[in-house]
Amino acid sequence: MRPGSPGFRIRPMTVSDLDSMLAIAASLPEMPRWSREAYLAALTPGTLPQRIAFGAVATGTEALAGFAVVGMVPPESELECIGIAPVFQRQGVAKALWNALANELRRRQVTETLLEVRASNQPALSMYQKLGFRETARRLRYYADPPEDAILMQIRLKECAATDVPHT
Ligand SMILES: CC(C)(COP(=O)(O)OP(=O)(O)OC[C@H]1O[C@@H](n2cnc3c(N)ncnc32)[C@H](O)[C@@H]1OP(=O)(O)O)[C@@H](O)C(=O)NCCC(=O)NCCS
């Protein structure tokens with residue numbers, strides 16, 4: 001965490017986080033328009049693809065500040081979504097979530113993470129670049145409503161340093 005910002009605890013999410021997760025997603029137009037059932041599947045052990053869903057809570061509270069979901073088929077994985085509630089943005093929460101996820105993925109013998117993002121989503125593009133993702137391709141008019149290109153990005157996990165983000 002950066003000096004002076006409140007601390008956040010990163011933890012695996014469970015089905016009991018579903019409503020908080022949906023509320024955060026609804027407040028962020030850039031998030032994928034998943035149904036309630038799709039978010040529930042991301043929190044339900046045993047569904048395929050296998051997923052890791054981590055949430056960030058502000059220290060001393062149980063309020064969810066943000067979350068990230070990765071789908072994986074080792075040795076590959078895909079960062080499916082990451083969203084931080086507007087009031088908690090620019091405090092290092094997404095970075096802390098990714099660091100915890102990357103450590104967990106390495107532990108599970110995952111060596112690579114892919115993602116796709118709307119070409120106009122400059123905050124997310126800046127964040128992914130800062131985290132070490134590199135652009136690998138562009139899919140023309142991949143998204144609908146509104147039509148837009150997708151930028152594909154990739155990171156090799158052995159290339160990013162393991163960190164010791166608190167994880168309970
Ligand atoms: C993109 C998003 C997840 C970033 O979360 P965050 O917790 O605010 O990000 P962090 O504070 O960890 O920022 C890490 C780095 O990302 C970059 N970054 C984050 N937000 C940025 C913004 N609005 N503008 C430019 N760069 C940004 C910066 O380099 C930042 O490091 P710095 O603050 O030291 O400069 C957040 O803005 C969000 O939830 N957006 C809506 C949902 C979304 O677009 N998700 C991605 C597609 S699923």
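The values are calculated or read from the model by the stated rules, or taken from the named source; none is laboratory data. Keep in mind that what you see is a predicted model, and the values were worked out from it rather than measured. Cβ atoms come from the backbone with ideal geometry, glycine included; neighbour counts cover every protein chain shown.
Restrict the check to the stretch 121-138 and report whether at least one residue is over 12 Å from residue 77 (Cβ atoms), within 13 Å of the ligand (Cβ to nearest atom) and β-branched (Val, Ile, Thr).
There is no residue in the stretch 121-138 that is over 12 Å from residue 77 (Cβ atoms), within 13 Å of the ligand (Cβ to nearest atom) and β-branched (Val, Ile, Thr).
Got a number for residues in the stretch 45-86 being at pLDDT below 95, more than 22 Å from residue 106 (Cβ to Cβ) and in a loop (DSSP other than H, G, I, E, B)?
Looking only at that region, the number is 7.
Please state which of the following conditions residue 41 fails to meet, knowing it meets all the rest: (1) small (Gly, Ala, Ser); (2) assigned to a helix (DSSP H, G or I); (3) within 16 Å of the ligand (Cβ to nearest atom).
Failing condition for residue 41: (3).
What pairs can you find where one residue is in the stretch 23-35 and closer than 13 Å to residue 117 by Cα, the other is near the ligand (Cβ under 8 Å from one of its atoms) and part of a loop (DSSP other than H, G, I, E, B), and their Cβ atoms are less than 7 Å apart, with a gap of 6+ or different chains?
Partner pairs satisfying both residue conditions: 30/121.
Have a look at 150, 144 and point out the one that is small (Gly, Ala, Ser), crowded, with 16+ Cβ neighbours inside 10 Å, more than 8 Å from the ligand (Cβ to nearest atom) and more than 22 Å from residue 23 (Cβ to Cβ).
Values: 144 fails: crowded, with 16+ Cβ neighbours inside 10 Å.
Only one candidate qualifies: 150.
For the structure I just gave you, tell me whether residue 116 is over 15 Å from residue 78 (Cα atoms), touching a strand residue (DSSP E or B) at 6+ places or on another chain (Cβ under 6 Å), more than 8 Å from the ligand (Cβ to nearest atom) and at pLDDT 95 or above.
Working: over 15 Å from residue 78 (Cα atoms): no; touching a strand residue (DSSP E or B) at 6+ places or on another chain (Cβ under 6 Å): yes; more than 8 Å from the ligand (Cβ to nearest atom): yes; at pLDDT 95 or above: yes.
No: the conditions fail for residue 116.
May I ask you to say which residue of 110, 73, 117, 69 is of a type outside the set (Lys, Arg), over 16 Å from residue 20 (Cα atoms) and within 13 Å of the chain's Cα centre (by Cα)?
Result of the check over 110, 73, 117, 69: 117.
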